[in-house]
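A short worksheet on the structure shown next.
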Amino acid sequence: MSENHKEPSSDRFWLSIFVTTLYAVVLYILIWLIREGSGMAFITGLILMPMAITSLLIIQIDPRGTGSIRKHMKTAMLCMLGFILISMIIFGEAGICVAMAAPFFFAGTALGVYTTMRFLRQYHSKRSVTFVIALPFLALPLENQIEYQDHFSSVTTVIEINAPAHVIWNNTLAIPDIRPDELGMTFSHSIVGVPKPEDARITGSGVGAVRHLKWGKGVNFEEVITGWQENRYLRWDFRFSDTSIPKAVEAHISVNSDYLGLDYGEYSLEPIDENRARLTLKTQYRIATPINIYCDWWGQIFLNDFHSIVLNVIKERSEKATQV
């Protein structure tokens, strides 16, 4: 640390935290709340916002840039953690979004510390980092004009069940009144807080029938049957309404948007012998973001976890029905 550097007074330090928090809240409301429904601000909201917040904090506690980058990094990371907690407690930010956004928030924080300190040391003026602080306001209108290429991916899960095909088929078409003890623990549901399936019932038969699904926390949607082979194959398109996913569950991620879509799902049932069959569940989805690889990674986790608990319920119910 430079000998000329003076630690900020306690009053000044906490005032800096207070001012930075206010600025962070303003950015959060502008980027994540006011423009809700206008698309996802990936670059502005995940990278430039934490950079701007961090830059404002640094120029207040170390306006000459003479302090320790490592120490500022620690302070900024703790402040960003505090802001994430505020977003969860006050704004009701869901665990899904927090889990996905946190790595970018901390990466943006680190980049903000480094960039701000470099500017302060090179230009010896707080004005040199004004651009960084204002960058989210400048970039947000531009990001609305960017279109990203579609990326298609799918998750396929297979399970063997010791039951006749027709028994498995009946327990696949409708899965009513799923009890909590029937569902195992997964990272998505037990740690992140993704709602668990509670009920699935079907209206009608054959192509055109509709499965009505309910998950925890008020999530509900429909699956419109587009392919039907008795005891062998079921395919559907997803149908979501404006109220399918309550804002308390996830206010920012829309499963029917320009950047995300569930294309179709299907069950394939392959008999092995008279009392055993192989059940396959496949879900295909589409994403269009500047971070497709990262989003696809999360999509694989969420869908693999969902597939596993649903298939296990079908397996246990089918095998139990066979033993009766």
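The values are calculated or read from the model by the stated rules, or taken from the named source; none is laboratory data. Nothing here was measured: the structure is a model prediction, and the numbers come from that model. Here the Cβ is made from the backbone with ideal geometry for all residues, glycine too, and neighbour counts use every protein chain on show. Protein only, heavy atoms only, side chains kept; ligands, DNA and RNA dropped before computing areas. Shrake-Rupley method; radii C 1.70, N 1.55, O 1.52, S 1.80 Å.
So the values come out like this:
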quantity	calculated
Burial order of peptide ranges 125-131, 110-116, 310-316 (average beta-carbon count within 10 Å, highest first)	110-116, 310-316, 125-131
In Å², nearest 10: area of Val255 left accessible to a 1.4 Å probe	30 Å²
Of Ile291, Ile146, Ile202, the one that fluctuates the most in a GNM where the chain has Cα springs shorter than 10 Å	Ile146
Inter-label distance, nm, simple model (7 Å from Cα along the C-beta direction), Phe187/Ile89	2.8 nm
Relative contact order [Cα under 8 Å, 6+ residues apart], the chain, whole percent	19 percent
J(HN,Hα) series, region 276-291, from Karplus relation 6.51 cos²θ - 1.76 cosθ + 1.60, nearest Hz, glycine and proline x	8, 8, 10, 10, 10, 10, 10, 10, 10, 9, 10, 10, 9, 9, x, 10
Accessible area of Asp296 in the full protein assembly, 1.4 Å probe (Å², nearest 10)	30 Å²
Net dipole in debye of region 16-170 [+1 Lys, Arg Cβ; -1 Asp, Glu Cβ; about Cα centre; nearest 20]	1060 debye
With every protein chain in place, region 118-160: carbon and sulfur % of accessible area (1.4 Å)	54 percent
Pair Thr66, Asn231: separation of 7 Å Cα→Cβ label points (nm)	8.5 nm
Electrostatic dipole magnitude of the chain [Cβ: Lys, Arg +1; Asp, Glu -1; Cα centre; debye, to 20]	1280 debye
Mean ellipticity per residue at 222 nm, deg cm²/dmol - from DSSP H runs of n ≥ 4 across the chain, formula -39500 (n - 2.57)	-14500 deg cm²/dmol
Residues of the chain: accessible area per residue with a 1.4 Å probe, Å²	51 Å²
Ranked order, His124, His307 - accessible area, probe 1.4 Å, largest first	His124, His307
Convex hull volume per residue in cubic angstrom - Cα atoms of region 275-324	60 Å³
Dipole-positive endmost among Leu15, His212, Ser190 within the chain (Cβ charges, Cα centre)	Leu15
Principal semi-axes in Å for region 231-324 [√(5λ), Cα gyration tensor, largest first]	31, 15, 13
Theoretical FRET efficiency, 1/(1+(r/R0)^6), r = Cβ-Cβ of Arg179 and Thr322, R0 22 Å, to 0.05	0.70
For Ile175, distant residues with modelled amide H under 5 Å away	Ala200, Arg201
Which listed pairs, of Lys217/Lys315; Lys217/Lys282; Lys71/Lys126; Lys214/Lys320; Lys74/Lys217, have C-alpha distances above 28 Å, in listed order	Lys74/Lys217
Cα-centred dipole magnitude for region 180-319, charges only on beta-carbon of K, R (+1) and D, E (-1), debye, nearest 20	120 debye
From the coordinates shown, P(r) over Cα pairs in 20 Å bins from 0, in percent corresponds to which of [x] 34, 61, 4; [y] 28, 44, 22, 6, 0; [z] 32, 60, 8, 0	[y]
